[in-house]
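Only one structure is covered here, and it is reproduced in the block below.
The values are calculated or read from the model by the stated rules, or taken from the named source; none is laboratory data. Everything numeric here is computed off the predicted structure, so don't read it as measured data. Neighbour counts run over all protein chains shown; Cβ positions are idealised from the backbone, glycine included. Note: areas computed on protein heavy atoms with side chains; ligands, DNA, RNA excluded. Shrake-Rupley method; radii C 1.70, N 1.55, O 1.52, S 1.80 Å.
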Amino acid sequence: ESRLIGTKGRNPDKSCGCKQLKQKGHSQTHPRLCAVWNGMLQRCYRKKNANYSRYGAKGVYVCDEWRREFEPFLMWALENGYKEGLTLDRIDNSKGYSPGNCRWVDYYKQEANIGMDRRNTTGYKGVCPHVNGKYRAYISRDGIRKHLGAFDTIEQAAKARQCAEAYYEKHGKLMD
């Protein structure tokens, strides 16, 4: 297992010097982007990372260009909409981190792109068991959770969720 920079919770601004050499000094001028880059590498390649099972163990990788050094990632980030408060998001969660599959989004947009919660027992995102053998559907966007109703079958609840997603994509807001 290769040793990555910044492991064991060390302060990302303190180093023996090898970190600054590998990142050409950019870690001092862009510490948050350096932390995002390092976190991406940790999730994908460090088996002891708490999120490795959701990334590296499932085959999520970092493209060679970004994996080798920080500067190409930094340049891509600055040229592709990075701002404070945005998070790195993979457009297609079945693919790895690369310039063609990543974007900068706010927390709420990223939340919409996250896969199904591991505690979900219905097999449908936004559908959960409800009382009296019914199923409840909901959708969350922009920090707001909208309950779509209780349904007799999982399929009906999933259909309501699909309709709500389509409405949001078309109109940019939740249904009234």
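Of all residues in the range 139-174, those satisfying the criterion of being in contact with a Lys or Arg (Cβ under 7 Å, 6 or more places away or on another chain) and either modelled with pLDDT under 90 or surrounded by fewer than 17 Cβ atoms within 10 Å (Cβ to Cβ) (or both) are ILE139, HIS147, ALA150, ASP152, TYR168, LEU174.
Which residues, taken from the range 64-75, are of a type outside the set (Lys, Arg), closer than 24 Å to THR29 by Cβ and surrounded by fewer than 18 Cβ atoms within 10 Å (Cβ to Cβ)? Walk me through it before giving the result.
In the first step, residues of the range 64-75 are kept if they are of a type outside the set (Lys, Arg); the result is 64-66, 69-75.
Then keep just the ones that are closer than 24 Å to THR29 by Cβ; that gives 65-66, 69-75.
If the condition is that a residue be of a type outside the set (Lys, Arg), closer than 24 Å to THR29 by Cβ and surrounded by fewer than 18 Cβ atoms within 10 Å (Cβ to Cβ), then GLU65, GLU69, GLU71, PRO72, MET75 are the ones that fit.
Taking the criterion of being part of a helix (DSSP H, G or I), farther than 17 Å from GLY100 by Cβ and touching a residue at least 12 places away in the same chain (Cβ under 8 Å), the residues of the range 63-77 that qualify are PHE70, GLU71, LEU74.
Cβ-Cβ distances below 9 Å connect the following pairs, each with a first residue in the range 85-100 that is basic (Lys, Arg), a second residue that is open to solvent by 20 Å² or more (accessible area, probe 1.4 Å) and in a strand (DSSP E or B), and a separation of six or more residues or different chains: ARG90/ARG103.
Just give me the residues in the range 44-62 being part of a helix (DSSP H, G or I) and either open to solvent by 60 Å² or more (accessible area, probe 1.4 Å) or under 9 Å from TYR97 (Cβ atoms) (or both), in sequence order. CYS44, SER53, ARG54, ALA57, LYS58, listed by residue number.
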